[in-house]
Protein chains: 2
Amino acid sequence: MNLRLIFLGTSAAVPTLKRSLPATILQSPTEQWIFDCGENIQRQMIATKISFHKKTKIFLTHLHGDHILGLPGLLQTMALMDRKNPIQIYGPLGIKKFLVCCQQTLKSELTYQIEINEIIKPGIIVEEEQYLIETIKSNHTIESYSYAFEEKPQLGEFFPEKATALEIPEGELWAKLQKGETITTPKGKTINPHQVMGPNRQGIKIIYTGDTKPFDTFTTFANNADIIIHDCTFDDTLTTKAELNGHSTPSQAANQAKNSNAKTLILTHISARYPYTELLLEQAKKIFKNTIIAEDFYTLNIPTPTSTNNSTNTAPSINI
Amino acid sequence: MNLRLIFLGTSAAVPTLKRSLPATILQSPTEQWIFDCGENIQRQMIATKISFHKKTKIFLTHLHGDHILGLPGLLQTMALMDRKNPIQIYGPLGIKKFLVCCQQTLKSELTYQIEINEIIKPGIIVEEEQYLIETIKSNHTIESYSYAFEEKPQLGEFFPEKATALEIPEGELWAKLQKGETITTPKGKTINPHQVMGPNRQGIKIIYTGDTKPFDTFTTFANNADIIIHDCTFDDTLTTKAELNGHSTPSQAANQAKNSNAKTLILTHISARYPYTELLLEQAKKIFKNTIIAEDFYTLNIPTPTSTNNSTNTAPSINI
């Protein structure tokens, strides 16, 4: 899949002039996945020309106001724009009650179906043809979840010259092979896809932690991730405060990325006390060099991994 | 009072890049009054350096999402900033249920008291030493209210030379006269304030309509207003749509201002379909010349009215 990440809100609890409240969107050409819906997400979407009609799934990490108060307005604006496509929402117990109450107050009528999935048991919560989404309990002050977007292994490159050499006529049989199906040639030869295609390409794996302090099961969950988007509310000198409030520091996030064998670390949920983030970046880079501090509207086109075998993930690091 | 109006959000149902959702604030040096709390009001307040701690009253015209979805986040941010000052909220029945539900979902704790006043009977809902706030049912698609901020008549100018001529010693007796009290001089003369002071100055009157189509009782309610801030969602060619959706056009708003003998008309709640507003302004100005189209962050320092008698309001028009 061609994937693109856009950071719509990168502040912590309180917005600043430069940072809106937490919201991140991952897009493919046909679908989009929103992680957290901080207040003002709808206007950030307008600013980045993100569709209100496209196939969309929304994932909420927890029910603190800075992460969900943009949701009712987003849903209402989608209705005002006459959305027809249903929408799925995932997150902790309580979302349904909140949205029902908002809808009753606002007396708004939606033009599309909403399917609310309150997480009872973490694990794989979405499985589609090309990807799955997994969740794990994280470690904040209230019930909270981290999410993993995992693209399934992609079929390798198709080599037309190999197909021609094997006397497979171009057309339907080529298409079947490209979909991974075994075929029989007009001359009765059985051909497996691996005879005309390169090795499978590892899928992209992206982790969105939400608000959390470090927790033990994270490194397994995030193992070999291409990108970890990590809470980084306070700098290292405020580690005690971070612990108390269920947040992470740059060093903690960097250690999580290092121990997970991740390729890229993107720090977000930056406290309003940091108008400049050089300090945070410096603290993280001492431990994990390939670190980025997210800014609002920071956009990352994610390179498609190159061919690989299944035992290692050799997707290229993102150059920063 | 020295009063200042700041438009924090001037869009209609959906925000645009230039217009945030409805919110307007009136400020004096010691107090502030917020009319509607559209999503993102807290960030607009940060942008305009408006205090989260000052004495504040909030007035909601109705419970549509575009007018109230900024309220929970605003209240939460005030708590995060450790506000201690209590806050009063006024508006239609349903606010309390909405805020209780939000607070239960967000599990947020406030650091200050909230007093919610659901309007049962329109009329004067606030009366303070220097001003009162009156409300009237407006004419939208759901229960909705317009508000009037009315400064009480201010005492006239004090003339020291008159006091001296009447042999009143400077000090406590001057102060009493300046407060409007009758005094007795050391020589036993009774002096009324009007002997040493100019005529009373008429107070400022500001109307905030909220979403509404024209309604009969408006002109009495808004009579002689210095400023009418009026719904202007659609232009005159969409009068039928405006009627259907409970909104006003420029001509309708201008007629309301003209018939109320108002001094200045400010149009707001502008539909996202108007990136340029020349058409709206032109339509209004044909009927009421002193019209302004509000933009986000448009700020108006309201001139103090000059001395006047009580029968007419001769506060100067605002030059535009």
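The values are calculated or read from the model by the stated rules, or taken from the named source; none is laboratory data. All values derive from a computational prediction rather than experimental measurement. Backbone-built Cβ (ideal geometry, glycine too); neighbour counts: all protein chains shown. In case anyone asks, the SASA skips ligands and DNA or RNA and just uses the protein heavy atoms, side chains included. Shrake-Rupley method; radii C 1.70, N 1.55, O 1.52, S 1.80 Å.
Tabulated data for the structure shown
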item: Flag if B:Ala257 is over 19 Å from B:Glu143 (Cα atoms), in the same structural domain as B:His62 (by TED's automatic domain parsing), open to solvent by less than 50 Å² (accessible area, probe 1.4 Å) and touching a Cys at 6+ places or on another chain (Cβ under 8 Å); result: no
item: Options B:Ile206, B:Ile124: the member that is under 27 Å from B:Ile6 (Cβ atoms), touching an Asp or Glu at 6+ places or on another chain (Cβ under 8 Å) and free of Cβ contacts under 8 Å to residues at least 40 places away in the same chain; result: B:Ile124
item: Test for A:Thr239: is it under 26 Å from A:Glu151 (Cβ atoms) and either open to solvent by less than 40 Å² (accessible area, probe 1.4 Å) or not in a loop (DSSP other than H, G, I, E, B) (or both); result: no
item: Residue satisfying all of: in the stretch B:41-54; over 18 Å from the mean Cα position of the chain (by Cα) and either within 18 Å of B:Asn117 (Cα to Cα) or among the basic types (Lys, Arg) (or both); farthest from the other protein chains (Cβ to nearest Cβ) among these; result: B:Lys49
item: Hits in the stretch B:73-91 (condition: more than 11 Å from every other protein chain (Cβ to nearest Cβ) and closer than 29 Å to A:Ser271 by Cβ); result: B:Asp82, B:Arg83, B:Lys84, B:Asn85, B:Pro86, B:Ile87, B:Ile89
item: Strands (runs of 3 or more DSSP E) fully within the stretch A:260-304 counting 1 or more residues that are open to solvent by 60 Å² or more (accessible area, probe 1.4 Å); result: A:299-302
item: Any hit, the stretch A:208-215, residues being of a type outside the set (D, E, K, R), outside any strand (DSSP E or B), over 30 Å from A:Lys241 (Cβ atoms) and in the same structural domain as A:Thr264 (by TED's automatic domain parsing); result: no
item: Residues (open to solvent by less than 80 Å² (accessible area, probe 1.4 Å) and within 25 Å of A:Thr304 (Cβ to Cβ)) located in the stretch A:154-173; result: A:Gln154, A:Leu155, A:Gly156, A:Phe158, A:Phe159, A:Pro160, A:Ala163
item: Restricting the stretch A:97-119 to residues that are within 10 Å of chain B (Cβ to nearest Cβ) and among the hydroxyl-bearing types (Ser, Thr, Tyr), the residue that is surrounded by the fewest Cβ atoms within 10 Å (Cβ to Cβ); result: A:Ser108
item: Matching entry among B:Ile228, B:Ile293 (being free of Cβ contacts under 8 Å to residues at least 40 places away in the same chain and in the same structural domain as B:Glu150 (by TED's automatic domain parsing)); result: B:Ile228
item: Qualifying position, being more than 15 Å from the chain's Cα centre (by Cα), surrounded by fewer than 24 Cβ atoms within 10 Å (Cβ to Cβ), of a type outside the set (S, T, N, Q) and within 11 Å of chain A (Cβ to nearest Cβ), among B:Gly70, B:Gly38, B:Gly65, B:Gly94; result: B:Gly94
item: Residue within the stretch B:174-192 that is in a loop (DSSP other than H, G, I, E, B) and surrounded by 15 or more Cβ atoms within 10 Å (Cβ to Cβ) present; result: no
item: Any hit, the stretch B:7-25, residues being open to solvent by 10 Å² or more (accessible area, probe 1.4 Å) and away from chain A (no Cβ under 14 Å); result: no
item: Filter result for B:Glu143 (under 29 Å from B:Asp226 (Cβ atoms), open to solvent by 40 Å² or more (accessible area, probe 1.4 Å) and within 14 Å of chain A (Cβ to nearest Cβ)); result: yes
item: Checklist (1) open to solvent by less than 20 Å² (accessible area, probe 1.4 Å); (2) basic (Lys, Arg); (3) within 14 Å of chain B (Cβ to nearest Cβ) applied to A:Lys57, failing item; result: (3)
